Amino acid sequence: MLKLEHVNKIYGERHALNDVNITFPEHKTTVIVGPSGSGKSTLLRSLNLLERPENGLYHFDDLTLDFSQPISEKNVLQLRRQTGMVFQSFNLFPHLTVLKNVTEAPIHVLKQAPAIATSTAKALLAQVGLADKADQFPTALSGGQQQRVAIARALAMKPKYMFFDEPTSALDPELEADVLRVLLKLAQEHNSMIVVTHNMEFAKGVADQIIFLEEGEILYSGDPQTFFTEPTERIHDFLSAMNFMIK
Amino acid sequence: MSSSTWEIVTSSLPQIITAAVKYTIPLTLISFVLGLILALITAMVRLSLMRGPFQIVRGLFWGYVWLFRSTPLLVQLFIVFFGLPNLGIEFSPWIAAIITFTLNVGAYSSETIRAAILSIPNGQWEAALTLGMTRRQVLFRIILPQAVRVSLPPLSNSFIGLVKDTSLASSITIVEMFTVGQQISAKTYEPLLLYSLVALVYLVICTVLTILQSYLEKWTSRYVPTQH
Ligand SMILES: Nc1ncnc2c1ncn2[C@@H]1O[C@H](COP(=O)(O)OP(=O)(O)OP(=O)(O)O)[C@@H](O)[C@H]1O
Ligand SMILES: [Mg+2]
């Protein structure tokens with residue numbers, strides 16, 4: 001289980017996360033929505049320790065980190081090995097083939113035997129529909145294909161939690177669908193996932209829990225049904241604006 | 001070409017080439033390899049996030065780069081070979097030359113390598129870190145392999161520059177190509193011919209290196225789609 005208590009992150013004058021308290025249940029998909037600049041990425045990146053909040057507690061299973069104290073390298077690595085991250089801009093390693101992108105961390109971080117890592121990677125690439133691209137370099141792939149490789153790369157570490165930060169925002173609609181299908185399948189298989197997205201249709205379809213952030217504060221957390229059918233005035237305005245954007 | 005001119009060419013060219021093989025080339029290769037190692041260490045120290053007392057180390061490396069980029073190579077050679085003996089530190093001409101060339105090329109190349117590392121997008125660090133890699137793993141497995149491609153053209157510049165700079169070793173009694181040319185020219189009174197021959201040999205060496213560079217560039221760019 002993954003849980004944040006009283007977490008604050010401040011950039012200069014800006015309260016990017018304001019007293020955030022939230023639990024991300026296991027085997028469920030939590031979708032984070034909110035206007036631009038509301039702190040969605042900051043929240044996700046804090047869970048991976050790419051950002052360091054000023055204070056608050058972070059519970060990950062039996063491990064508890066206090067953000068107001070220095071965090072040991074050992075704890076950082078331990079936590080990152082159990083969480084996977086998929087970025088908006090893919091961030092594949094351009095000098096490695098698709099297959100090597102996926103096997104890199106299992107071999108060098110988990111110390112898996114290369115043969116085992118390779119066969120796992122091939123299975124994962126087949127799962128995201130890219131078995132035939134294994135020996136290509138990432139630059140030869142479309143954005144949607146690159147993002148699916150990035151998902152396979154994260155899955156290869158067998159993380160307990162997967163984080164997705166607007167995984168389809170950089171993609172054309174047709175390519176977006178291929179990536180969303182992969183995410184939907186992962187959600188249906190009861191992986192523990194946290195997804196930041198602007199796609200409300202997708203959020204509706206995939207969320208077990210929904211979080212609405214504004215100015216670093218959680219204004220809603222809970223059941224997606226209520227969120228979409230009985231929104232507060234603020235959420236209603238947000239949803240209308242999003243609908244306008246899509247149509 | 002008169003027959004006597006031709007005779008001078010055939011008799012002096014082998015001597016010049018011998019000097020290139022015995023001095024210019026090994027001096028360049030040894031200094032460049034050592035210089036690259038020093039440059040990599042320097043770049044890494046200067047990019048490190050070391051805090052507290054370690055900052056002094058970073059300051060020292062900054063000072064080293066500053067010193068060797070801000071003084072002429074010839075003066076550096078003279079200080080090491082003719083100057084340091086006053087402090088009781090004496091080197092043979094070979095060692096003095098290798099030390100000076102290494103330190104000099106290391107200072108310049110460290111800036112090349114530092115810039116190349118910084119040119120790799122931050123997303124590469126983040127993606128690798130979220131996979132659980134240590135900073136050292138990220139640097140050696142993800143960042144440096146990409147930085148090699150970026151730094152290859154400027155490092156080739158330094159390498160080719162060093163080939164020619166080794167002619168300065170003549171000033172600390174090393175009988176390299178240039179000295180040989182000088183000696184023969186003094187005997188034959190044919191400075192134009194002799195120095196042109198010396199220039200020709202430098203030209204050939206540097207042309208070979210230029211060709212080598214273009215092959216290496218192609219190889220290190222194999223993952224980049226062709227841009228033209
Ligand atoms: N490195 C930084 N330095 C200063 N301010 C930052 C930094 N990163 C984020 N911020 C600020 O923190 C706030 C939250 O940013 P964040 O990127 O988390 O928003 P977001 O909800 O992900 O927005 P978007 O939907 O546009 O991606 C913003 O006001 C942003 O300007
Ligand atoms: Mg964001």
Applying the gyration tensor rule to the Cα atoms of the range A:35-168 (axes a ≥ b ≥ c; rounded if a/c under 1.5, else prolate if a/b exceeds b/c, else oblate), the class is oblate
The answer for trypsin sites (Lys or Arg not before Pro) in the range A:122-228 that fall in a DSSP coil and have at most 13 neighbouring Cβ atoms within 10 Å is none
So for chain B, using the alpha carbon gyration tensor with a ≥ b ≥ c as root eigenvalues (a/c under 1.5 gives rounded; past that, a/b versus b/c decides prolate or oblate), I'd call it oblate
Connecting every pair of Cα atoms under 10 Å apart in chain B and solving the GNM, the largest mean-square fluctuation among B:S109, B:S170, B:S196 falls on B:S196
With the charge dipole of the protein assembly as shown built from beta-carbon charges (+1 for Lys and Arg, -1 for Asp and Glu) about the Cα centre, the Cα from A:F227, B:V57, B:V224 projecting farthest to the positive end belongs to B:V57
In order over the range B:181-186: 3J(HN,Hα) from phi, Karplus 6.51/-1.76/1.60, θ = phi - 60°, whole Hz, x for each Gly or Pro, gives x, 4, 5, 5, 4, 5
Mean per-residue count of partner chain Cβ within 10 Å for A:78-86 equals 3
For the range A:92-159, dividing by residue count, accessible area per residue (probe 1.4 Å) in Å² works out to 37 Å²
Descending packing, highest mean Cβ count within 10 Å first, for B:207-214, A:223-230 is A:223-230, B:207-214
Computed ³J(HN,Hα) along the range A:10-17: with the Karplus parameters 6.51/-1.76/1.60, θ = phi - 60°, integer Hz and x for glycine or proline, the list is 10, 10, x, 8, 9, 8, 6, 10
Once amide hydrogens are built 1.01 Å from N within the peptide plane, the residues lying 5 or more places from A:Q136 or on another chain with amide H under 5 Å from its amide H are A:V98, A:L99
Buried accessible surface, A vs B, both sides, probe 1.4 Å, in Å² to 100, equals 2000 Å²
Residue-normalised 222 nm signal for chain B, counting each DSSP H run of n ≥ 4 as -39,500 (n - 2.57), nearest 500 deg cm²/dmol, is -24000 deg cm²/dmol
Asserting the computed 222 nm helical MRE of chain A (DSSP H runs at least 4 long, -39500 (n - 2.57) per run, divided by residue count, to nearest 500) equals -12000 deg cm²/dmol
In this structure, among A:K28/A:K158; A:K160/A:K185; A:K100/B:K218; A:K111/A:K158, pairs with alpha-carbon gaps over 19 Å are A:K100/B:K218
Residues meeting the amide H criterion for A:N55 (H placed from the backbone, H to H distance under 5 Å, 5 or more places apart or on another chain) are A:N8
At R0 = 25 Å the Cβ-Cβ FRET efficiency linking A:L184 and A:N243, nearest 0.05, sits at 0.75
Checking rank on A:196-202, B:10-16, A:50-56, with mean other Cβ inside 10 Å and highest first, the result is A:196-202, A:50-56, B:10-16
Note to self: C-alpha centroids of the range B:130-194 and the range B:15-33 sit apart, in Å, by 11 Å
Counting Lys and Arg as +1 and Asp and Glu as -1 over every other residue whose Cβ sits under 10 Å from the Cβ of B:V65, the net charge comes to +2
For B:K22, the aspartates and glutamates lying under 13 Å Cα to Cα, once residues fewer than eight places off in the same chain are dropped, come out as B:E176
Of B:68-81, B:147-160, ordering from highest average Cβ density within 10 Å down gives B:147-160, B:68-81
Inter-chain shielding metric for A:157-163, i.e. average beta-carbon neighbours from other chains within 10 angstrom, reads 1
Heads up, chain A by the C-alpha gyration tensor (a ≥ b ≥ c square roots of eigenvalues; a/c under 1.5 rounded, else a/b over b/c prolate, else oblate) looks oblate
FRET efficiency (B:S11, B:V224; Cβ distance; R0 51 Å; to 0.05) is 0.55
Given unit charges at Cβ for Lys, Arg (+) and Asp, Glu (-), the dipole magnitude of the protein assembly as shown about its Cα centre in debye, nearest 20, is 1340 debye
Rounded to a whole number, the mean other protein chain Cβ count within 10 angstrom for residues of B:118-131 is 6
Once Lys and Arg are counted +1 and Asp and Glu -1 for all other residues with Cβ under 12 Å from that of B:R141, the total becomes +2
Quick calc, B:R51 & A:E13: beta-carbon distance into FRET formula, R0 22 Å, rounding 0.05, result 0.30
If every Lys and Arg gets +1 and every Asp and Glu gets -1 at its Cβ, then about the Cα centre the range A:92-159 yields a dipole, in debye to the nearest 20, of 160 debye
The alpha-carbon center of the range B:41-114 and that of the range A:18-66 are separated, in whole Å, by 47 Å
Of every hundred units of 1.4 Å-probe accessible area on chain A, the number belonging to carbon and sulfur atoms, as a percent, is 51 percent
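The values are calculated or read from the model by the stated rules, or taken from the named source; none is laboratory data. Here the structure is a predicted model, which means the values were calculated and not measured. Virtual Cβ from ideal backbone geometry, glycine too; neighbours counted across all protein chains shown. When the accessible area is computed, the model is the full protein with side chains, heavy atoms only, and any ligands, DNA or RNA have been set aside. Shrake-Rupley method; radii C 1.70, N 1.55, O 1.52, S 1.80 Å.
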